[in-house]
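Okay, structure first, notes after.
The values are calculated or read from the model by the stated rules, or taken from the named source; none is laboratory data. None of the values given here were measured: they were computed from a predicted structure. FYI the Cβ positions are ideal-geometry reconstructions off the backbone, even for glycines, and counts take in every protein chain you see. Areas reflect the complete protein model, heavy atoms only, side chains present, ligands, DNA and RNA absent. Shrake-Rupley method; radii C 1.70, N 1.55, O 1.52, S 1.80 Å.
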Amino acid sequence: MLFPPASCRRLIVKIGSALLVDPAGEVRAAWLAGVAADIAERTRAGQQVAVVSSGSIALGARRLGLAKGGRASLEDAQAAAATGQIALCRTWAEVLGAQGLTAAQMLVTLGDLEDRRRYLNAAGTLARLLGLGVVPVINENDSVATEEIRFGDNDRLAARMAQAAGAAGVVLLSDVDGLYDANPTTNPDARHIPLVERIDAVAGMADAGSASGMGSGGMVSKIAAARIATGAGIALAIASGRVERPLSGDRRHTLFTAERSASARKAWLSGGLTAAGTIRVDAGAAAALAGGGSLLAAGAVAVEGEFARGDLVAIHGPAGAIARGLAEYDAGEARRLLGRRSDEQAAILGYAPRAALVHRSHLALL
């Protein structure tokens, strides 16, 4: 069994649109009832389970008669989501209720999880629901999300919600049974990969397409989700949902092992998907950061974007992104300090400088 209750107190299960909704736009009721039975079995064994459920756009598109599954335009997707979310939530309430479980709806946006205060509020709600024995059913609030401020796929949302929940495991139920070294639909010699201990070793194997055409993800989004989860000390599995009772028994899957354990704050920092700006650093500063140091102005070579003190910024070295952290200065002040030693900064700013552009206490390596 993937993530048995004895070793995984809290579990996040993500279900894609193609598993929940058939090509005609109807809920696959019998399959979903089996998933609910699996969740009930795990709950009785002491595991707390939250579900990240796609399907609102696919369900709404059928009811509204929208082309391309409701994804022809942002406006269509928003309208479909607003209509389909009612049907999706009612369906989950019914199948879980038949197992004696109570469902709760949580709709979140990218901003809810990228802003620290709102993230903590979402985490508190999720923890309380799970503590009460409720099964939270989570989805991105696609009716208000835009192209610029949205997750775009529920794989990464599931990983971020796992961070918020303090979960030990994430299961991404998909239309494939894991990661392959080539696309198995076009290459019969593709080899299944059961275990991934270093994500960088497999990142190039991912396909960005959604096989069903209903969803917005693909293997690229699943590997991105694995990077978020494992960086926070959470294991993640990709498994097939094209079976009855997909959360019970031994199923072939790909397991991404947790690479390191991070504090809750640093896990939130490293798992963020947006940044207000970028600070570029030289090789010496990059090495200092890798060794656990703060980002000092002397090692910074460029500032991009406009940000305020306390905003989340990306830090890039000569080879690319290396860290994320909270800025100690706004962008204008940071630009004035580029390459300057600490003993020069008071004269430049007109006040006693802070210790760093980004302090190590508010910085997470990627």
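Within segment 122-140, which residues are surrounded by fewer than 21 Cβ atoms within 10 Å (Cβ to Cβ) and of a type in the set (S, T, N, Q)?
Scanning segment 122-140 gives a single hit, Thr125.
Which of the residues belonging to segment 1-27 are farther than 14 Å from Ala237 by Cβ and open to solvent by 60 Å² or more (accessible area, probe 1.4 Å)?
Ala6, Arg9, Pro23, Ala24, Glu26
Considering segment 96-110 alone, what residues qualify as being in contact with a Ser or Thr (Cβ under 9 Å, 6 or more places away or on another chain) and closer than 16 Å to Gln163 by Cβ?
Correct list: Met106, Leu110.
The rows are residues; the columns are (1) in contact with a Phe, Trp or Tyr (Cβ under 8 Å, 6 or more places away or on another chain); (2) under 30 Å from Ala235 (Cβ atoms).
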site	(1), (2)
Glu259	no, yes
Ala276	yes, no
Asp282	no, no
Leu295	no, no
Ala327	yes, no
Leu337	yes, no
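Based on what the data block shows, is Ala104 in contact (Cβ under 8 Å) with a residue 12 or more places away in the chain and either open to solvent by 20 Å² or more (accessible area, probe 1.4 Å) or outside any helix (DSSP H, G or I) (or both)?
Details: in contact (Cβ under 8 Å) with a residue 12 or more places away in the chain: yes; either open to solvent by 20 Å² or more (accessible area, probe 1.4 Å) or outside any helix (DSSP H, G or I) (or both): yes.
Taking the combined requirement at face value, the residue satisfies it.
Taking the condition in contact with a strand residue (DSSP E or B) (Cβ under 6 Å, 6 or more places away or on another chain), open to solvent by less than 20 Å² (accessible area, probe 1.4 Å), closer than 22 Å to Trp268 by Cβ and not in a strand (DSSP E or B), does Ala356 pass?
So Ala356 fits the description; yes.
Mind listing just one residue for me: the one in segment 311-332 that is part of a loop (DSSP other than H, G, I, E, B) and open to solvent by 40 Å² or more (accessible area, probe 1.4 Å) and, of those, nearest to Leu273 (Cα to Cα)?
Asp311
Looking at segment 353-365, can you tell me whether even one residue there is touching a helix residue (DSSP H, G or I) at 6+ places or on another chain (Cβ under 6 Å), of a type in the set (A, V, I, L, M) and at pLDDT below 90? Please lay out each step first, then the result.
Quick first cut of segment 353-365, residues touching a helix residue (DSSP H, G or I) at 6+ places or on another chain (Cβ under 6 Å) only: 353, 357, 364.
The next check asks that each one be of a type in the set (A, V, I, L, M); those that pass are 357, 364.
Subset that is at pLDDT below 90: 364.
Checked segment 353-365: at least one residue is touching a helix residue (DSSP H, G or I) at 6+ places or on another chain (Cβ under 6 Å), of a type in the set (A, V, I, L, M) and at pLDDT below 90.
What single numbered condition from (1) out of contact with any strand residue (DSSP E or B) (no Cβ under 7 Å at 6 or more places or on another chain); (2) open to solvent by 10 Å² or more (accessible area, probe 1.4 Å); (3) at pLDDT below 95; (4) under 24 Å from Val176 (Cα atoms) fails to hold for Ala72?
Answer for Ala72: the failing condition is (4).
Is it the case that some residue within segment 91-102 is out of contact with any Phe, Trp or Tyr (no Cβ under 6 Å at 6 or more places or on another chain), closer than 30 Å to Ala267 by Cβ and among the β-branched types (Val, Ile, Thr)? Walk me through how you get there before you give the answer.
Of segment 91-102, the ones out of contact with any Phe, Trp or Tyr (no Cβ under 6 Å at 6 or more places or on another chain) are 91-102.
Now narrow it down to the ones that are closer than 30 Å to Ala267 by Cβ: 92, 96, 101-102.
Remaining after also requiring among the β-branched types (Val, Ile, Thr): 102.
Checked against the condition, which is being out of contact with any Phe, Trp or Tyr (no Cβ under 6 Å at 6 or more places or on another chain), closer than 30 Å to Ala267 by Cβ and among the β-branched types (Val, Ile, Thr), segment 91-102 yields at least one hit.
Tally time: how many residues in segment 183-231 are at pLDDT 90 or above and of a type in the set (Gly, Ala, Ser)?
So the answer is 6.
Taking the stated definitions as given, is Arg265 within 30 Å of Asp112 (Cα to Cα) and surrounded by fewer than 16 Cβ atoms within 10 Å (Cβ to Cβ)?
yes
Taking the condition of being under 13 Å from Gly325 (Cβ atoms) and outside any helix (DSSP H, G or I), how many residues in segment 264-291 meet it?
Within segment 264-291, residues that are under 13 Å from Gly325 (Cβ atoms) and outside any helix (DSSP H, G or I) number 7.
Specify the residue that is surrounded by the most Cβ atoms within 10 Å (Cβ to Cβ); the eligible residues are those in segment 148-193 that are in contact (Cβ under 8 Å) with a residue 24 or more places away in the chain and more than 28 Å from Val137 (Cα to Cα). Spell out how you get there, then give the answer.
Narrowing segment 148-193 to residues in contact (Cβ under 8 Å) with a residue 24 or more places away in the chain: 149-181, 183, 185, 192-193.
If we keep only those that are more than 28 Å from Val137 (Cα to Cα) as well, we get 180-181, 183, 185, 192-193.
Numbers: Tyr180: 21, Asp181: 14, Asn183: 15, Thr185: 13, His192: 14, Ile193: 16.
Among those residues, the one meeting the criterion is Tyr180.
Quick one: would you say Arg63 is surrounded by fewer than 16 Cβ atoms within 10 Å (Cβ to Cβ), in contact (Cβ under 8 Å) with a residue 24 or more places away in the chain, closer than 30 Å to Gly310 by Cα and of a type in the set (D, E, K, R)?
Judged against the criteria, Arg63 is not a match.
May I ask you to list the residues in segment 23-82 that are part of a helix (DSSP H, G or I), of a type in the set (Ser, Thr, Tyr) and closer than 25 Å to Asn141 by Cβ? Steps first, answer last, please.
Step one: list which residues in segment 23-82 are part of a helix (DSSP H, G or I), which gives 29-44, 56-64, 67-70, 74-82.
Cutting the leftovers down to of a type in the set (Ser, Thr, Tyr) gives us 43, 56.
The answer is Ser56, and nothing else.
Can you run down the residue pairs with Cβ atoms below 6 Å, 6 or more apart or on separate chains, where the first is in segment 1-14 and part of a loop (DSSP other than H, G, I, E, B) and the partner is surrounded by fewer than 15 Cβ atoms within 10 Å (Cβ to Cβ)?
Qualifying pairs under 6 Å: Pro5/Ala45; Pro5/Gly46.
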